[in-house]
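Just so it is clear, none of the values below were taken in a lab; they were calculated from the coordinates. Nothing here was measured: the structure is a model prediction, and the numbers come from that model. Positions of Cβ are generated from backbone atoms using ideal geometry, with glycine treated the same way; all protein chains shown enter the neighbour counts.
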Amino acid sequence: MIVCHCMNITDKDIDNAIDWMRASDTRALITPGKVYRALGKSADCGGCMSLFLATMRKNENMEVPIELRTLRDTRIKEKRSCKATKKS
Ligand code: FES
């Protein structure tokens, strides 16, 4: 199925690009821009972006690597401890 008509990108192209990026870097954060670049293309009108993202989310390699999932919690805890330090 064609996802991006401007650049003639199919759902298979997106899946292959994601699989390739995940295989080459297990910690990579994969974005639509990176998928376009991996395919040697760039977005034009942006009209496909919601379908593009939905297609990306279906890929099992789109999960955030487990070692990166706690980063937000860690940053929040660090900010809280910094505020506590400033008040005292
Ligand atoms: S349809 Fe994808 S950039 Fe236009």
Note to self: Quick check: the angle from helix 49-58's long axis to the longest principal axis of the chain, C-alpha only, nearest 10 degrees?
What the structure shows: 80
Next item on the list: Take the Cα of ASN61, step 7 Å along the line toward its Cβ, and report every residue of region 25-52 whose backbone nitrogen sits under 16 Å from that point.
Entry: 25-40
Notebook entry, point to check: Where Rh is the Kirkwood radius over the Cα pairs of the chain, the temperature 37 °C and the viscosity 0.692 mPa s, what D in µm²/s does Stokes-Einstein return?
Noted result: 220
